[in-house]
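For reference, the structure discussed in these notes is given below.
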Amino acid sequence: MSLSVVLFLVFAVLAIGAAIRVVFCHRIFHGAMWLIVSFFGVAAIYMLLESPFLAGIQLFIYIGGVAVLTVIAIMVTKRVMAPNQRTLNDPVSAGIVALALFGVMVWMILSLPLPMAPTAPVIEGGLELLGAALVDPQGFLLPFEVVSVMMLVVLVASLYLGRER
Amino acid sequence: MIHPYALVGLFLLVAAIFGVAPQLIAWYLSPKKPSHRKLQAYESGNPTFGETWIEFKPQYYLFGLAFVAFDVEAAFLFPWALAYHQLALYAVVEAILFVGLLGFGLIYVWRKGWLTWM
Amino acid sequence: MADVDVIAVLQEAIAGGGPLWLQVLLRVAGAFGMALVPLVSVVFLIWESRKVIARMQDRLGPTNAGTPAGPWAIFQTVADAIKILTKELIIPEGADKVVFIIAPVLVVAVAIAMWAVIPLGPPETGLQVVDLEIGAFYVVAIGSLAPFSMIMAGWSSRNKYADVGAFRAVSQIIGYEIPQIMSLLVPVLLAGSMSLQEIVASQDVAYAISVPLVALVYFLAMLAEVGKLPFELAEADSELVAGYFTEYSGMMFGAFYLGEFINAFTGSVVFSLLFLGGWRGPFVDVVPWLGPVYLLVKAFLVFNVMNLFWASMPRLRIDQVLAFNWKALVPMGLVVFLVVALTDKLMWRAGVPEGWARAAGLLLSNVVVGGATALLLVWYKRRLMRRRAARFAPAAVPAKAEA
Amino acid sequence: MDLLATVPLSWYLILGAALFCIGVYGVLANRNLIVIMMAIELMLNAVVLNLAAFARFMEPARIQGKAFAIVTYATAAAEAALGLALIISIWRTENTVAVEEIDLLKG
């Protein structure tokens with residue numbers, strides 16, 4: 001086995017194991033901590049895919065933003081979920097649905113003719129191209145500005161919902 | 001030739017070692033004589049009363065929300081700033097629009113007083 | 001003869017050839033060496049800042065009274081480190097043990113992890129672990145992990161003071177990340193690269209001279225990020241015991257103390273790299289090994305400006321800290337970022353040559369923005385005073401009752 | 001040492017599928033709204049992982065995959081922020097974050 005296969009397996013097991021701990025957590029704060037571990041594992045997978053920018057964004061938006069927000073939400077609503085309360089609703093049928101979905105997905109993935117190795121090496125300066133494409137009217141200008149509108153909505157709406165009354 | 005990303009991983013490992021090593025040394029060297037009084041929470045000498053995990057004002061949460069909006073904005077500006085030298089003037093105007101919309105939102109919530117600590 | 005061979009093989013391995021095990025060994029040694037730089041510097045800087053702050057406050061600071069800590073107690077920090085290693089590690093009864101133990105490990109690891117991309121000297125000295133093409137972004141991304149050690153410490157301690165301290169620290173740190181990133185984007189934009197080595201190389205005119213307002217915003221945000229006074233309210237020893245690490249003792253407490261100083265020093269180094277020209281200085285192109293000296297001297301000066309604040313400022317309240325961020329630094333960061341981007345692009349269109357001419361234009365734009373801000377503040381203060389006067393004047397009392 | 005002997009694409013996709021299905025399970029089975037939000041984040045993370053893997057394997061010379069990925073990130077962050085804001089405001093009025101106890105629409 002080459003080093004990249006070993007690293008992939010290590011980080012994949014880390015990400016999946018931590019994700020399982022998230023959905024089965026008894027104490028929700030621990031769930032949030034495992035969520036961060038899972039995100040970190042996926043960030044390492046991005047490094048294996050040779051896109052450090054996505055790994056950085058994973059740390060920056062997911063861990064630094066979303067996970068922090070989740071932890072704050074947990075600490076604000078702390079009292080309502082005592083650690084020994086029942087946390088799952090009907091785990092058996094949900095498990096059957098999830099496993100069936102996973103089976104179908106794996107079957108589809110394995111039946112597709114997918115490449116074993118990348119067709120070409122990553123290009124130098126891909127990030128600069130991305131930056132230029134984001135403001136290019138023929139490229140991703142519309143999504144770029146829509147993201148700005150979306151963030152405006154997030155800022156105003158969420159502060160409206162959470163304001164002191 | 002070692003891949004540069006492998007070096008980042010190596011350095012993170014070294015950083016983790018530097019984080020763990022002092023604790024291990026201290027654990028080996030330090031005396032271990034726990035007692036009930038010693039293990040109580042330091043809350044000004046009194047035994048802790050009520051629920052220890054107090055709830056916080058949702059106000060703290062508002063600033064977290066505002067942070068996420070600007071966080072995402074900044075993440076988009078990184079590739080833009082990288083490509084800045086090859087961009088024309090209209091691309092800068094687009095970025096001004098991009099940031100300006102969120103700036104407008106900031107001014108709005110400011111005027112509404114939702115950023116004021118109560 | 002054998003000696004010559006060893007040197008040749010080593011040189012080959014450094015250049016990226018030769019046997020793999022030797023390369024890996026060299027890289028591991030290099031990583032350990034780089035990680036030791038902040039630790040060794042901090043041992044000196046803790047002593048130095050204690051001494052300097054003591055002098056500012058008309059005290060003597062550590063002296064070698066009774067202990068063999070060297071002249072002027074120069075080995076005081078070493079003695080403290082040895083002492084703290086032998087102190088009992090107390091884990092309180094109610095604590096969540098695993099999280100409680102991970103938090104101090106994480107704080108040191110995150111503080112050191114930033115040093116992977118920091119170039120201590122010019123490329124030919126090789127004093128950098130890896131020149132990542134997203135170096136500046138790496139610093140930001142690793143920095144965004146910092147709140148977690150605080151949350152974990154505060155939550156796991158089962159102590160109200162620790163909880164409150166953690167919450168304050170987190171809302172402060174995540175808020176001040178925004179102006180920090182906005183002002184960090186300006187060097188990235190002007191250099192056209194996120195590699196810290198290239199940002200340093202592009203500073204023919206240090207960015208602190210061409211865009212001083214951005215440097216100011218970055219410095220203030222950094223001050224809050226590392227939790228120095230006047231933004232020290234996460235610890236607030238007079239009201240919250242010690243903030244989020246109240247329950248920690250022995251080396252676990254030491255880890256937080258160490259992490260705080262490493263963060264302050266790393267912040268100074270990054271500030272020097274981004275705005276003060278990093279390792280650049282006279283004669284570096286002749287003697288490349290002068291580079292690290294210049295960088296460390298600059299970082300030392302920045303660190304001492306922080307000490308100046310530390311020794312002389314009172315502590316702000318939480319509402320003041322958050323208001324200063326969201327109502328002053330964030331708008332300022334956004335405006336100055338856009339103004340710099342627009343001015344530079346307009347000058348490029350007008351054909352202003354790179355170098356001093358561009359820098360002068362950017363400086364002018366910064367002065368204009370700074371002046372406008374000052375005028376706005378003066379106008380705002382006048383209006384505030386007028387309103388206050390109107391409210392407290394006797395004639396205004398019926399009007400107030402009416403409203 | 002063959003560092004660049006890469007892992008086949010299907011492995012990345014199976015990892016993504018696994019994360020997605022764990023997320024689905026979390027959404028279906030959990031009672032706590034905040035855990036449900038975390039499970040949704042896992043699902044979106046799996047989506048971005050798929051996008052990044054396809055971008056690396058199928059068209060490494062272009063940037064479409066990365067552009068899609070970061071827009072998905074923005075969407076995920078927006079979803080998390082608004083969702084958690086809703087949860088907080090529900091918690092303020094109902095004082096619960098358990099899904100079956102929230103019955104505001106029953107009237």
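Every number here is computed from the coordinates shown, using simple stated rules; none is lab data. As the structure is a computational prediction, the values presented were derived from the model and not from experiment. Note that we place each Cβ from the backbone using ideal geometry, even for glycine, and neighbour counts take in every protein chain shown.
Before moving on, here are some points about what is shown:
- Taking other residues whose beta carbon is less than 9 angstrom from the beta carbon of residue C:96, and scoring Lys, Arg as +1 and Asp, Glu as -1, yields +3.
- Long hydrophobic helices in chain C, taken as whole DSSP H segments with a C-alpha length of 27 Å or more on their own axis and mean Kyte-Doolittle hydropathy at least -0.5: C:20-56, C:160-191, C:250-275, C:290-312, C:330-350, C:356-392.
- Contact order for chain C, expressed relative to its length and based on alpha carbon pairs under 8 Å spaced 6+ residues apart, stands at 18 percent.
- Chain A: C-alpha gyration tensor shape, a/c 1.5 cut-off, then a/b vs b/c: oblate
- Summing charges over all other residues whose Cβ lies under 12 Å from the Cβ of residue A:31, with Lys and Arg as +1 and Asp and Glu as -1, gives +1.
- Positive-end residue, segment C:87-391 charge dipole about Cα centroid, Cβ charges, pick of C:265, C:205, C:367: C:367
- Unit charges on C-beta of K, R, D, E only; dipole of segment A:19-165, Debye: 980
- A simple rule links phi to the HN-Hα coupling: the Karplus curve 6.51 cos²θ - 1.76 cosθ + 1.60 with θ = phi - 60°, which for segment B:77-94 gives 6, 4, x, 5, 5, 5, 8, 3, 5, 9, 8, 8, 4, 5, 5, 5, 4, 4 Hz, with x for Gly and Pro.
- Look at where the Cα atoms of segment A:36-51 and of segment A:125-155 average out, and the two centres are 23 Å apart.
- Distance from the alpha carbon centroid of segment C:341-387 to that of segment C:10-46 works out to 44 angstrom.
- Between C:115, C:279, C:356, the GNM of chain C built on Cα springs shorter than 10 angstrom shows C:356 fluctuating the most.
- Shape of chain C, Cα gyration tensor, a/c cut at 1.5: oblate
- For the protein assembly as shown, the alpha-carbon radius of gyration amounts to 0.96 times the rule-of-thumb value 2.2 N^0.38 Å expected for a compact globular protein.
- Measuring nothing but how far apart in sequence close Cα pairs (under 8 Å, 6+ apart) lie, relative to its length, segment A:1-85 scores a relative contact order of 29 percent.
- Size of electric dipole in the protein assembly as shown: Cβ of Lys, Arg +1 and of Asp, Glu -1, about Cα centre, debye, nearest 20: 2720
- With K and R counted +1 and D and E -1, the other residues having a Cβ less than 15 Å from that of residue C:86 yield a net charge of +2.
- Summary value for chain A: 15 percent relative contact order, contacts being C-alpha pairs under 8 angstrom separated by 6+ residues.
- About its Cα centre, the dipole of chain D is roughly 240 debye, where the only charges are +1 on Lys and Arg Cβ and -1 on Asp and Glu Cβ.
- Distance from the C-alpha centroid of segment C:285-321 to that of segment A:97-120: 53 Å, rounded to the whole angstrom.
- Note that segment B:59-69 has calculated 3J(HN,Hα) couplings of 3, 4, 5, 4, 5, x, 5, 4, 4, 4, 4 Hz, one per residue in order, obtained from phi through the Karplus relation 6.51 cos²θ - 1.76 cosθ + 1.60 (θ = phi - 60°); glycine and proline are x.
- In this structure, the amide hydrogen of residue D:30, modeled 1.01 Å from its nitrogen in the peptide plane, lies closer than 5 angstrom to those of A:89, counting only residues at least 5 positions away or on a different chain.
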